[in-house]
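Trainee: Dropping the structure in here first, questions after.
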Protein chains: 2
Amino acid sequence: MPEVQKLQGVRRAVVLLSGGLDSYTAGAIARAEGYELLALTIRYGQIHDREIAAARLVARALGVVKHIELDVNLAAFGGSALVGEGDVPKDRPLDTNEGIPSTYVPARNTIFLSLALAWAEVAGAGAIVIGVNALDYSGYPDCRPEYLEAFERLATLATRGGVEGQSLEILAPLLRMTKADIIRRGTALGLDYGLTHSCYDPDAHGRPCGRCDSCQLRARGFREAGIADPVRA
Amino acid sequence: MPEVQKLQGVRRAVVLLSGGLDSYTAGAIARAEGYELLALTIRYGQIHDREIAAARLVARALGVVKHIELDVNLAAFGGSALVGEGDVPKDRPLDTNEGIPSTYVPARNTIFLSLALAWAEVAGAGAIVIGVNALDYSGYPDCRPEYLEAFERLATLATRGGVEGQSLEILAPLLRMTKADIIRRGTALGLDYGLTHSCYDPDAHGRPCGRCDSCQLRARGFREAGIADPVRA
């Protein structure tokens, strides 16, 4: 599975856009490499809509050709603090080795990539862009490189294009970057991180809590990059 | 990827139930092998709701522990006659080698299996049952054995269970059966195929057209099995 690279003749990609800074940066890197972007945001039963609003702003900033927001109610299955089951953990020490946290949404990336695959096939896109990250991945199994390689193999077998000899690439340009690297790269590309939202548990006004894993990882990333976060917790 | 077999300690399976006779039979075979069933029906923007009604009847007949109907609007991506784009082909000769038909829904099985995977992980199910068939598969790429094997590999990498050393099996008991074999097997298991619906393009009263690929395959299956179809086209 390659990191983003230029491909001959394949110039369109579906980017999975969450409204967070990772997927924004991943999309911007693909765009800088020459891809025309289609943005897909999945409304999966998040306990807050703040990140959907952020995804719209980010899609516009990326100049995407089209933005689809698709409802998939993963809360029907339960099993994650991110769809309203149990509390989002706060003030958890980063870099502990305590396994998969309660914010893990079962099979989320598999579902998201499958939906992106459907659109990619219809739209003739040769790539899917996803902002996953193996270093700051918080212990989620579906952010590992071997997982993404397995999905790429599956995608080629699953589709009309695959049958006809085309391949579909999963582009994960952030895979081996730290959060600080990501923020530096995006800042160099001129991105406005003030549009983004990372918090798992914002208040009623959409303001980040500053204490969940995602807020902590974001704060550390900006600190290590030596850049001020335009979104203040 | 094994056909259905007894497993030690793993006794729960998520069955993807469409309302057609294949998924009904696949579920019944798994149940006969000792699995407790959870049924998942995806409302993916079908141009008719007749098969959802059939899925409810079939779920009840199978005695499932729980039945979830989940909306995923694949029509947002377009690209298939089954979600209202173009006409469903009629009177197409069976067994022609004319490639993937317009009723193919891009990435459908990948999306369905991913959603089943999410529920399986939450519910502690060790298997997913899918009624795909490689002989009568109408040229769909995501009904091939190598595709299912790739998904099974992906599922193990994607999940908490996989990280913790458990595997998830994709059970496709119909994979190498003809439609006639399937109907004979289901009839031997006492299934009531009068509950099922197979047509891609029913009339306003939900009656099958008798002319689409699915109706033709069904009719040929009953004819070859020497059994009368309780649903008359």
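Readers should treat all values here as calculations from the given coordinates under stated rules, not as data from a laboratory. Please read these numbers as outputs of a predicted model, since none were measured by experiment. Note that each Cβ is placed from the backbone with ideal geometry, even for glycine, and that neighbours are counted across all protein chains shown.
Trainee: May I ask you to report, in nm to one decimal and beginning with the shortest, the distances from B:I227 to the same position in the other copies, taking label points 7 Å along Cα-to-Cβ?
Mentor: For B:I227, the other copies' label points sit at 6.3 nm, shortest first.
Trainee: Now a separate question. From the label point of B:E149, set 7 Å from Cα along Cα→Cβ, how far away are the matching label points in the other copies, in nm, ordered shortest to longest?
Mentor: Label-point separations across copies, in nm and ascending: 1.8.
Trainee: Determine which aspartates and glutamates satisfy two conditions relative to B:K179: a Cα distance under 17 Å, and not lying fewer than 8 residues away in the same chain.
Mentor: Counting by Cα, and skipping residues close in sequence, B:K179 has these aspartates and glutamates nearby: B:E3, B:D22, B:D95, B:D136, B:D192, B:D213, B:E224, B:D229.
Trainee: Over the alpha-carbon set of region B:12-225, work out the extent along each principal axis and list the three values in angstrom, largest first.
Mentor: Computed over the Cα atoms, the extents are 50, 39, 31 Å.
Trainee: A follow-up question, please. Using the Karplus curve 6.51 cos²θ - 1.76 cosθ + 1.60 with θ = phi - 60°, work out ³J(HN,Hα) for each residue of region B:17-24 in order, rounded to whole Hz, and write x for Gly and Pro.
Mentor: Rounded to whole hertz, the list is 10, 9, x, x, 7, 5, 5, 4.
Trainee: Counting partner chain Cβ atoms within 10 Å of every residue's Cβ in A:67-79, what's the average?
Mentor: 5
Trainee: Here is a follow-up. So which GluC sites (Glu not before Pro) in region B:141-179 end up in coil per DSSP with only 12 or fewer other C-beta atoms within 10 Å?
Mentor: Of the GluC sites (Glu not before Pro), the ones in loops of region B:141-179 whose Cβ has at most 12 other Cβ atoms within 10 Å are B:E164.
Trainee: Further, regarding this structure: List the residues, sorted by chain then number, that are 5 or more residues from A:L70 or on another chain and whose placed amide H is less than 5 Å from its amide H.
Mentor: Close amide H contacts, sequence-distant or interchain: A:T41, A:I42, A:R43.
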